[in-house]
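Asks: After the structure tokens below, expect a handful of questions from me.
The values are calculated or read from the model by the stated rules, or taken from the named source; none is laboratory data. Bear in mind that the values here come from a model prediction, so they are computed numbers and not experimental data. Methodologically, a virtual Cβ is constructed for each residue, glycine included, from the backbone with ideal geometry; neighbour enumeration extends over all protein chains shown.
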Amino acid sequence: MPLLEVRELCSHYGDLQALFDLSLDVAEGEATALIGANGAGKSTLIRAIAGLGSRSRGAIRFDGQAIEAEPAERIARRGIALVPEGRMLFPSLTVEENLRMGALCGRTGHWTLPTVYALFPILQEFRHRPATQLSGGQQQMVSIGRALMANPRLMLCDEISLGLAPVVIEQIYRAFGDIRAQGTALLVVEQDVTRACRIAQRVYCLLKGRVTLAGRASDFSAAQIANAYFGH
Amino acid sequence: MRPPSLVPWLGFTAAALAIAFAPTVADGGLLRLLSEVLITLAMAQMWNLLAGYTGLVSMGHQAFAGIGAYLLFVASDRLGISPYWMVPVAGLGGALLAAVVAPLMFRLRDAYFSIGMWVLAEIVRLLVAKFPLFGGESGVPLQAVRLVEAESFQQNAFWISGAIGLAAVAGVYLLMRSPFGLGLMAVRDNELAATSIGVNVWRNRFIAFVLSGLGFGLAGGAHFMGTMFVSPDSAFDINWVVTAMFIVIIGGIGTIEGPLIGTVIYFGLRELFNTWFAMSGGWYLIAMGCIAIAVMLLAPRGLWGLARERWGWRGLSVQRHPPPRDEASLSAPLPPSTQQGRTA
Amino acid sequence: MAWLETLINGVLLGGLYALFGLGLALVFGVMRMVNLAHGEFVVLAAYFAVFLATQFPGVSPLFFIAPVALAAFGMGYLLQRLLLNRAVATDDPLTPVLVTFGIAVVLRNLMVELFGADPRALDGGALATAGFEIGGLRIGWYPVLVLVLAVLAFGALQWLLQHSRFGLVVRATSDHREIVRTMGVRPRHVYAVVMGLSLAFASVAGLLLALRTSFTPFSGVERLLGAFEVVIIGGLGSFRWALVGGIALGVAQLVGQRLDSNAGALYAHLLFFAVLMVRPNGIAGART
């Protein structure tokens, strides 16, 4: 049974419908990538799963339990953590305080302050700095670390490479190996199609709120992906 | 384009006639009450002009009412001129004060502006109470009342109040239908966008602010002329703003009809509590406050907004109507609908 | 010499202003909410203290601080949960202003109807008038107590926010109230606790006010502006500067009163205005 099952999900912004009967699976311990042009609905889907966005119709099951009607606070305690778009670090808090916030939901496991610092050593150096004073890449590490502190079974990553230099992105993605090794599944929104196909076992392509392509990245040619991405 | 509706003008004329003939049928007590209603209505319309149409919530407009009142009293007494002529002067005083403080106050935003206006009113009150010219803490009677005929005073005071009330409603209505009014609402809805299409934000706000100062000055002057006594505490009482605010919020902020409905409710409640429930004092204010809070949380557009949404009532609508769709225009895309926020 | 005494008394009065403003600053900083009913809660607490004094005569009013604060906390929690969370959720900065303004009017008039407009006071016994001499200056114990309590309160709150787990949660919620939910935090509950704390502080100020002077249902609105000036001068979320602001206002008022009696408050208002013109977001500025 997949860890996360999304079935026929519809999501609205006021009167505007953003997701149309969308279905998707994430397997335990696997990395799944969400690709698609801007406005395709990738962030909307992520937010809906996390409990922050509208879930007007359809079902979301996590570990067999229905969560489509649960508030974000409860979903967090089940083991779904969010690395939000734009990082959303707490400016009033230091790096270490941001990380500690992630642990608040009370889930224990491999990820603690020492192990997160081992994953991203630069953060230990800056742990008492206000989090938003760090560089973009370092802030992204804090955001990921914060999500890890919840010892999630599923980590939702929304556009984590946005605005970062390729070298920094590589550094961050290298950490994903360790994260998956500890048993956390990943659902990653990624603009760069090549990178998405490289890091993920499964790929979903979204266009205008619908899935246009789904399967193992290696199963598709570049042309097929382009078609699904732009829609023809 | 639809031809302008005649209904508002009929309504206005009817109201004007009613005011003109009221003294022949109403006794002194009723006239005094009606004066109060009309003055309150004027203040509500003016507060609404600033808060609903311009987006500036002021908690200090009692400053303009008080200054207007004092100006009328002092000028009348010192210059020996009939207080009737001083009412416009009271208005001008309010407008002038508004013009002077606007550059200062406009530096503040949102809640800072609201509270800043309140502090301003306090400063004005304290200054007025200081100087013997104004008669000090205990207040000063209107000695110039000697200059007018005692018998017709009440009638004249009533007509003046009526004129101010009518002028306030008509004035705001005409203003909002003018290009200036459109610009004002554009600024309220989205300052940046309004600037980008060439609307002068500062100038629009300034004019609205000064007009509301004018209105409150007139209202304050007329009210205290009627009571023939003014003191700093009564002239600069925060309850002027409390009343206007509750009326506008309950009736419907950002509409012409809202203050009308709100005023009726306000006086209705007061009569209800004072006469029927025999619970005098502040109980009607408590009721009014509770209703205002409920309205703000549950129906932010006020009772008029509710009526429009639920039952599709249209009144003195200040929206522009799109041209009728004929064969030629059916193929053209529809213009985007509805504004957001507190609209008319 | 008399000037020095005025200065010192101004500082001590400032302590009371700062205490008034503390609850306001807290709510202002965490929820970006302006609570115009704050003054009425201060007065309500004073009435409650008077009630307790009549029930338990002979007990020093200082012992009432705990029950009064607890009751106020409960009231604040419920108020936020039932009413004000809705107002904050509209994301329109003026809705809470208007709603709390309405609450203020309702409370004020309710107190007049229920308790009457006659001035009341709390008998502080010897404390109210006791004082000591230092270098030829006469200083009352009570104002010193108020200043000490004010500094302690500010310090305690600052410590709570910076070094406790609850403070961490409050600061995070104040930064991003939506994202914080994905960490298991319930913002509505956090806001309610903060409001409870705010009213608890207000109630202490109210009790101390009742010890110092007589009060009426209108004392709230009289003090409210001063409290706001304290908070606004300090700037959003800066307790340190709010404390300084309170003291500055106290000094301005008493110095002004010395120069020109009857109009002490005028000078406090003018000082406030001056600061606001130079720094429209307060001394510490608004947090981005």
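Asks: If I go through the range B:206-263 residue by residue, how many of them are assigned to a helix (DSSP H, G or I), within 14 Å of chain C (Cβ to nearest Cβ) and charged (D, E, K, R)?
Replies: Here the count works out to 1.
Asks: Let me ask something else about it. Looking at the range B:99-106, is at least one residue away from every other protein chain (no Cβ under 14 Å) and surrounded by fewer than 24 Cβ atoms within 10 Å (Cβ to Cβ)?
Replies: Start the filter on the range B:99-106 by keeping residues that are away from every other protein chain (no Cβ under 14 Å), which leaves B:99.
Then drop every residue that is not surrounded by fewer than 24 Cβ atoms within 10 Å (Cβ to Cβ), which leaves B:99.
Yes, there is a match, as at least one residue in the range B:99-106 is away from every other protein chain (no Cβ under 14 Å) and surrounded by fewer than 24 Cβ atoms within 10 Å (Cβ to Cβ).
Asks: Any residue in the range C:201-224 that's part of a loop (DSSP other than H, G, I, E, B): show its pairings with residues that are charged (D, E, K, R) at Cβ separation under 6 Å, as long as the two are six or more apart or on different chains.
Replies: Filtered contacts from the range C:201-224: C:PRO217/C:ARG108.
Asks: Identify the residue in the range C:230-244 that is at pLDDT below 80 and within 17 Å of C:GLY10 (Cβ to Cβ) and, among all such residues, is farthest from the chain's Cα centre (by Cα).
Replies: Restricting to residues being at pLDDT below 80 and within 17 Å of C:GLY10 (Cβ to Cβ), the top hit is C:ILE233.
Asks: Might you check whether a residue that is within 14 Å of chain B (Cβ to nearest Cβ) and surrounded by 14 or more Cβ atoms within 10 Å (Cβ to Cβ) occurs anywhere in the range C:135-142?
Replies: Looking through the range C:135-142, none of the residues is within 14 Å of chain B (Cβ to nearest Cβ) and surrounded by 14 or more Cβ atoms within 10 Å (Cβ to Cβ).
Asks: Residue check: is A:ALA40 within 14 Å of chain C (Cβ to nearest Cβ), touching a residue at least 60 places away in the same chain (Cβ under 8 Å) and surrounded by 21 or more Cβ atoms within 10 Å (Cβ to Cβ)?
Replies: Criteria not met by A:ALA40.
Asks: Every residue in the range B:242-265 that is among the aromatic types (Phe, Trp, Tyr) and over 14 Å from the mean Cα position of the chain (by Cα), please.
Replies: The answer is none; no residue qualifies.
Asks: Select from the range C:45-78 the residues that are free of Cβ contacts under 8 Å to residues at least 40 places away in the same chain, of a type in the set (Phe, Trp, Tyr) and either in contact with a helix residue (DSSP H, G or I) (Cβ under 6 Å, 6 or more places away or on another chain) or more than 20 Å from C:PRO217 (Cα to Cα) (or both) and list them in ascending order.
Replies: C:PHE56, C:PHE63 - these are the residues of the range C:45-78 that are free of Cβ contacts under 8 Å to residues at least 40 places away in the same chain, of a type in the set (Phe, Trp, Tyr) and either in contact with a helix residue (DSSP H, G or I) (Cβ under 6 Å, 6 or more places away or on another chain) or more than 20 Å from C:PRO217 (Cα to Cα) (or both).
Asks: Just one of A:THR212, A:THR194, A:THR184 is in contact with a Pro (Cβ under 7 Å, 6 or more places away or on another chain) and not basic (Lys, Arg); which is it?
Replies: Numbers: A:THR212 fails: in contact with a Pro (Cβ under 7 Å, 6 or more places away or on another chain); A:THR194 fails: in contact with a Pro (Cβ under 7 Å, 6 or more places away or on another chain).
Within the list A:THR212, A:THR194, A:THR184, the selection yields A:THR184.
Asks: If A:SER92 meets every condition in (1) in contact with a Phe, Trp or Tyr (Cβ under 8 Å, 6 or more places away or on another chain); (2) under 18 Å from A:GLY136 (Cα atoms); (3) of a type in the set (S, T, N, Q) apart from one, which number is that one?
Replies: Just one mismatch for A:SER92, condition (1).
Asks: Can I ask one more? Residue by residue through the range C:79-134, note down the ones that are part of a helix (DSSP H, G or I), within 21 Å of C:PHE28 (Cα to Cα) and without any contact (Cβ under 8 Å) to a residue 40 or more places away in the chain.
Replies: The answer is C:LEU82, C:LEU83, C:ARG86, C:ALA89, C:LEU94, C:THR95, C:LEU98, C:VAL99, C:GLY102, C:VAL105.
Asks: Those residues that are aliphatic (A, V, I, L, M), in contact with a Leu (Cβ under 6 Å, 6 or more places away or on another chain) and either facing chain B (nearest Cβ under 10 Å) or within 30 Å of C:ASN85 (Cβ to Cβ) (or both), I need them from the range C:106-123; list them, please.
Replies: None - no residue of the range C:106-123 is aliphatic (A, V, I, L, M), in contact with a Leu (Cβ under 6 Å, 6 or more places away or on another chain) and either facing chain B (nearest Cβ under 10 Å) or within 30 Å of C:ASN85 (Cβ to Cβ) (or both), so the list stays empty.
Asks: Could you list, in sequence order, all residues of the range A:56-66 that are more than 17 Å from the chain's Cα centre (by Cα) and surrounded by 18 or more Cβ atoms within 10 Å (Cβ to Cβ)?
Replies: Passing the criteria: only A:GLY58.
Asks: Something else: In the range A:18-37, what residues are in a loop (DSSP other than H, G, I, E, B) and farther than 18 Å from A:TYR229 by Cβ?
Replies: Within the range A:18-37, A:ALA27, A:GLU28, A:GLY29, A:GLU30 qualify.
Asks: Out of curiosity, is C:LEU36 out of contact with any helix residue (DSSP H, G or I) (no Cβ under 7 Å at 6 or more places or on another chain), in contact (Cβ under 8 Å) with a residue 40 or more places away in the chain and either polar (S, T, N, Q) or under 27 Å from C:PRO96 (Cβ atoms) (or both)?
Replies: Numbers: out of contact with any helix residue (DSSP H, G or I) (no Cβ under 7 Å at 6 or more places or on another chain): no; in contact (Cβ under 8 Å) with a residue 40 or more places away in the chain: yes; either polar (S, T, N, Q) or under 27 Å from C:PRO96 (Cβ atoms) (or both): yes.
When the stated conditions are applied, C:LEU36 does not pass them.
Asks: Same structure, new question: So, in the range B:264-317, exactly how many residues are aromatic (Phe, Trp, Tyr), modelled with pLDDT of 85 or more and in a loop (DSSP other than H, G, I, E, B)? Can you show your working first?
Replies: As a first pass, look at the range B:264-317 and keep what is aromatic (Phe, Trp, Tyr): B:266-267, B:273, B:276-277, B:283-284, B:304, B:311, B:313.
Remaining after also requiring modelled with pLDDT of 85 or more: B:266-267, B:273, B:283-284, B:304.
Narrowing the set further to residues that are in a loop (DSSP other than H, G, I, E, B) leaves none.
Total satisfying the criteria: 0.
Asks: Can you tell me which of C:ALA49, C:ALA71 is at pLDDT 90 or above, more than 10 Å from chain B (Cβ to nearest Cβ), surrounded by fewer than 20 Cβ atoms within 10 Å (Cβ to Cβ) and within 24 Å of C:ASP118 (Cβ to Cβ)?
Replies: Working: C:ALA49 fails: surrounded by fewer than 20 Cβ atoms within 10 Å (Cβ to Cβ).
Of C:ALA49, C:ALA71, the one residue that is at pLDDT 90 or above, more than 10 Å from chain B (Cβ to nearest Cβ), surrounded by fewer than 20 Cβ atoms within 10 Å (Cβ to Cβ) and within 24 Å of C:ASP118 (Cβ to Cβ) is C:ALA71.
Asks: Please go through the range B:271-291 and give me each residue that is aromatic (Phe, Trp, Tyr) and either within 13 Å of another protein chain (Cβ to nearest Cβ) or in contact (Cβ under 8 Å) with a residue 40 or more places away in the chain (or both), ordered by number.
Replies: Once the filter is applied, which keeps residues that are aromatic (Phe, Trp, Tyr) and either within 13 Å of another protein chain (Cβ to nearest Cβ) or in contact (Cβ under 8 Å) with a residue 40 or more places away in the chain (or both), the range B:271-291 yields B:PHE273, B:PHE277, B:TRP283, B:TYR284.
Asks: Taking the range B:12-32 on its own, how many of its residues are in a helix (DSSP H, G or I) and surrounded by 14 or more Cβ atoms within 10 Å (Cβ to Cβ)? Show your work before the answer.
Replies: First, pick out the residues of the range B:12-32 that are in a helix (DSSP H, G or I): B:12-25, B:28-32.
From the residues that got through so far, the ones that are surrounded by 14 or more Cβ atoms within 10 Å (Cβ to Cβ) too are B:12, B:15-16, B:19, B:22-23, B:31-32.
Of the residues in that region, 8 qualify.
Asks: Out of curiosity, is A:LEU82 at pLDDT 95 or above, touching a Gly at 6+ places or on another chain (Cβ under 6 Å) and buried (at least 24 other Cβ atoms within 10 Å of the Cβ)?
Replies: No.
Asks: Could you list, in sequence order, all residues of the range C:171-188 that are more than 7 Å from chain A (Cβ to nearest Cβ) and closer than 18 Å to A:GLU85 by Cβ?
Replies: Once the filter is applied, which keeps residues that are more than 7 Å from chain A (Cβ to nearest Cβ) and closer than 18 Å to A:GLU85 by Cβ, the range C:171-188 yields C:ARG177, C:VAL180.
Asks: What about A:PRO84, is it in contact (Cβ under 8 Å) with a residue 40 or more places away in the chain and under 15 Å from the mean Cα position of the chain (by Cα)?
Replies: Details: in contact (Cβ under 8 Å) with a residue 40 or more places away in the chain: yes; under 15 Å from the mean Cα position of the chain (by Cα): yes.
When the stated conditions are applied, A:PRO84 passes them.
Asks: What residue, among those in the range A:199-215 that are more than 16 Å from the chain's Cα centre (by Cα) and farther than 13 Å from A:LEU24 by Cα, is surrounded by the fewest Cβ atoms within 10 Å (Cβ to Cβ)?
Replies: The residue in question is A:LYS208.
Asks: Considering every residue within the range B:40-52, establish whether at least one is in contact with a Leu (Cβ under 6 Å, 6 or more places away or on another chain), within 16 Å of B:GLY217 (Cα to Cα) and of a type in the set (A, V, I, L, M, F, W, C).
Replies: yes
Asks: Where in the range A:69-180 are the helices (runs of 4 or more DSSP H), entirely inside, with at least 1 residues that are closer than 20 Å to A:LEU4 by Cβ and away from chain C (no Cβ under 13 Å)?
Replies: The helices (runs of 4 or more DSSP H) meeting that bar are A:136-148.
Asks: Check B:ILE123, B:ILE115, B:ILE160 and return the single one that is surrounded by 16 or more Cβ atoms within 10 Å (Cβ to Cβ), β-branched (Val, Ile, Thr) and modelled with pLDDT under 90.
Replies: Details: B:ILE123 fails: modelled with pLDDT under 90; B:ILE160 fails: modelled with pLDDT under 90.
That would be B:ILE115, the only listed residue that is surrounded by 16 or more Cβ atoms within 10 Å (Cβ to Cβ), β-branched (Val, Ile, Thr) and modelled with pLDDT under 90.
Asks: Conditions: (1) aliphatic (A, V, I, L, M); (2) within 10 Å of chain C (Cβ to nearest Cβ); (3) without any contact (Cβ under 8 Å) to a residue 40 or more places away in the chain. B:ALA75 meets all but one. Number of the miss?
Replies: For B:ALA75, the failing item is (2).
Asks: Which is touching a Gly at 6+ places or on another chain (Cβ under 9 Å), closer than 25 Å to B:THR255 by Cα and within 13 Å of chain C (Cβ to nearest Cβ), of B:ILE115, B:ILE164, B:ILE160?
Replies: Within the list B:ILE115, B:ILE164, B:ILE160, the selection yields B:ILE115.
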